[in-house]
Amino acid sequence: MALLDFFTRKKPEERKLTPFLPQDIYEAAKLDFADIIAPSALKITPKEMNLGDKLVRTFYVISYPRYLTDSWFSPIINLDKVFDVSIFVHPIDTAAILRTFQKKVAEVESQIMTREEKGMVRDPVLDTAFRDLEGLRDSLQQAQERVFDVGLYVSIYATSQAELDKAEAEVRSILDAKLVYVKPALFQQEQGFKSVIPLGTDVLSINSKLNSAPLSSFFPFISFDLTSDRGILYGINRHNSSLILFDRFSLENYNSVTFAKSGSGKSYATKLEILRSLMFDTEVIVIDPESEYEYLANAVGGRFFNISLSSDNHINPFDLPVPREDEAPQDVLRSNIINLVGLFRIMLGGLTPEEDSIIDRAITETYALKDITGEQDFRNMEPPLLSDFELVLAGMEGSESLVQRLTKYTRGTWSGFLNRPTNVDINKKFIAFSVRNMEDELKTVAMYIVTHFIWNSVRKELKKRLLVIDEAWWMMKSDDTAAFLYSMAKRGRKYYLGLATITQDVEDFLKSPYGLPMLTNSSIQLLLKQSPTSIDAVQKTFNITDEEKYLLLESGVGEGIFFAGLKHVAIKIIASYTEDQIITSDPSQLLAISKSKLEKEAA
């Protein structure tokens, strides 16, 4: 305005009288913050306000039920709508409210006595009001409660009248179901809007009197914290940005399951947990179907074993665990024989009851050939091989079909994998077994044998360990492998072992009779982004709400829901730059890292 005045002065001498300073130009062009955030236009109508291209309608609560339950306001807070909420709490002097209550109690008591004198039937409304007033008056007198004037206002935003009416109907239906009744601020939309915007002024001033107990239920933010004084960082709580610090070994069991669609970050999250667990003196063993953990193993000084028909790494399925001090050798041998029968059931494509009995007897006699029986200490004895078992089996009546099916594992194309002594040593902090190069027909067999070998090693010495089974649906395809996995989940706590199963095929996992028991024996569950085809099964299994269902469908990479015990929160998994370089499986990142290394070597 000052600049305009300066240049509209007609006479030159007038311009010279009051020279225009540079700061005047700055002040003339400066915008207030209010000018920036204010809408382009404003129109106030009796039922709503037009803020530029937006409509806003403000409501206030006029009535509450006799009881307000905890988190009754949570469904409104979690609505997928654009709205503002304002809660005003005005304390009332206790002495003044006690005087008011005394008069009110006298009035109610007088009405009750009048009805009794007239012989009228008692009014339960008056009786209830009298008890409530007397109880509240006692609590106020003892300073256990206070009374407040409370105003609750909600402003809903929309881009059209139809959208605004629909949002209003949704809010009303939710609150009406809880016996909380609202009204639009007719002819007071301006005052209502001023009460809701963050100025802290109750311009509308429509309040209800509430004591401390029901007022506490107004707290709108209902989210759990999973922050403990020990454990590793799993991620960030998306509800309130707190840290999710947790120790799986502090729960009733140490098992976990991770469900996620391909590319949603399940392996990334698992590798991040492994990396951080290693810093807390936890030994980690991984069964890796896709060789995703090789770089991590090399980075932390661990060992990576490639299990295939042509590899130099072999595991003898007849290896026996060392009996612990509290275990009898015959029980250990018997348990190992039962597990081997399950292995042969998978290898031979199923067994009839007669064949099952023959296999059981043949295994026992094969061990006996090496002087391994339940009556003696076999910890330093050399175990038999699969070829020894074949010789014993061939001499038994009715075993012709079994021997014929077994030949491909002893003398056929698959003989190099099983029929050799074990040469795998897992005395490092991090071990990974890759079965990527194993044929699909043998992948389940390989995972079973590796898992059995790990279980025997775990039983030798008590240590804090974590066993990770990636793409666990491979093991859930067969009842025998699934049963063995479930047995480990149940018994692992005794040996300080946590079992982490990861899968993208939720339905295949849950179709197994051992799928749901595996879930119930896992204190930690991690759900990342889900596919629309499996989300209904996930919702039913984990009993999540519709809002959480849509959260899983719309989550980005590394986002989902983290369950620990009875609590669950929305999680975002975040790694540092160094961690990301070690654990990433993004092909573009891996290519960039590889190019960077080649350039450094060339330089």
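At-a-glance table
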item: Over the stretch 331-407, volume per residue of the alpha carbon convex hull, in Å³; result: 87 Å³
item: Residues 523, 262 arranged by fewest to most Cβ contacts within 10 Å; result: 262, 523
item: Net lengthening on full extension, residue 173/residue 70 (0.36 nm per residue, minus Cα-Cα); result: 35.2 nm
item: Within the stretch 352-452, GluC sites (Glu not before Pro) in DSSP loop having at most 10 other beta-carbon neighbours inside 10 Å; result: 375, 397
item: Rg/Rg_globular for the stretch 115-177, with Rg_globular taken as 2.2 N^0.38 Å and Rg from C-alpha atoms; result: 1.97
item: Compactness of the stretch 82-128 as Cα Rg over 2.2 N^0.38 Å, two decimals; result: 1.87
item: Segment residue 407-residue 464, length gained on full extension (0.36 nm per residue, minus Cα span); result: 16.5 nm
item: Shape box of the stretch 492-599 [Cα atoms, principal axes, largest first, Å]; result: 52, 39, 26
item: nm² value of the averaged projected area, convex hull over the Cα atoms of the stretch 371-528; result: 11.9 nm²
item: Per-residue [θ]222 nm for the chain (sum of -39500 (n - 2.57) over DSSP H runs n ≥ 4, rounded to 500); result: -13500 deg cm²/dmol
item: Calculated FRET value between residue 53 and residue 298, using beta carbons and R₀ = 45 Å, to 0.05; result: 0.20
item: Inter-part distance where the stretch 341-378 and the stretch 262-285 are each reduced to a Cα centre, Å; result: 37 Å
item: Computed magnitude of the charge dipole of the stretch 319-400 (debye, nearest 20; Cβ of K, R +1, Cβ of D, E -1); result: 160 debye
item: Percent of alpha-carbon pairs separated by more than 15 Å within the stretch 49-112; result: 76 percent
item: Listed residue (243, 387, 542) projecting farthest to the positive dipole end of the chain, Cβ model; result: 243
item: Charge dipole magnitude, Cβ of K and R +1, D and E -1 - the stretch 44-216, Cα centre, debye nearest 20; result: 180 debye
item: Residues 266, 47, sorted so that the one with the fewest Cβ neighbours within 10 Å comes first; result: 47, 266
item: Quarter of the Cα convex hull surface for the stretch 280-357, i.e. its orientation-mean projected area (nm²); result: 8.5 nm²
item: Computed magnitude of the charge dipole of the chain (debye, nearest 20; Cβ of K, R +1, Cβ of D, E -1); result: 1600 debye
item: Fewest-first ranking of 596, 267, 139, using other Cβ atoms within 10 Å as the exposure measure; result: 596, 139, 267
item: Inter-probe distance in nm under a simple model that places probes 7 Å from Cα toward Cβ, at residue 516 and residue 540; result: 1.0 nm
item: Over the chain, equivalent-ellipsoid semi-axes from the Cα gyration tensor in Å; result: 68, 38, 21
item: Unit Cα scatterers, Debye sum, the stretch 236-370: log10 I(q)/I(0) for q = 0.09, 0.13 Å⁻¹; result: -0.49, -0.91
item: Cα radius of gyration and Dmax for the stretch 60-171 (Å); result: 19.8, 61
item: Share of Cα-Cα pairs in the stretch 95-235 lying beyond 28 Å, as whole percent; result: 47 percent
item: 20 Å cut-off, amide nitrogen to a point 7 angstrom out along residue 32 Cα→Cβ, residues in the stretch 38-73; result: 38-44, 51-52
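Laboratory data are not the source of any read-out in this text; all were calculated from the coordinates shown. Keep in mind it's a predicted model, so treat the numbers as computed, not measured. With ideal geometry, Cβ positions are generated from the backbone for all residues, glycine too; neighbour counts draw on all protein chains shown.
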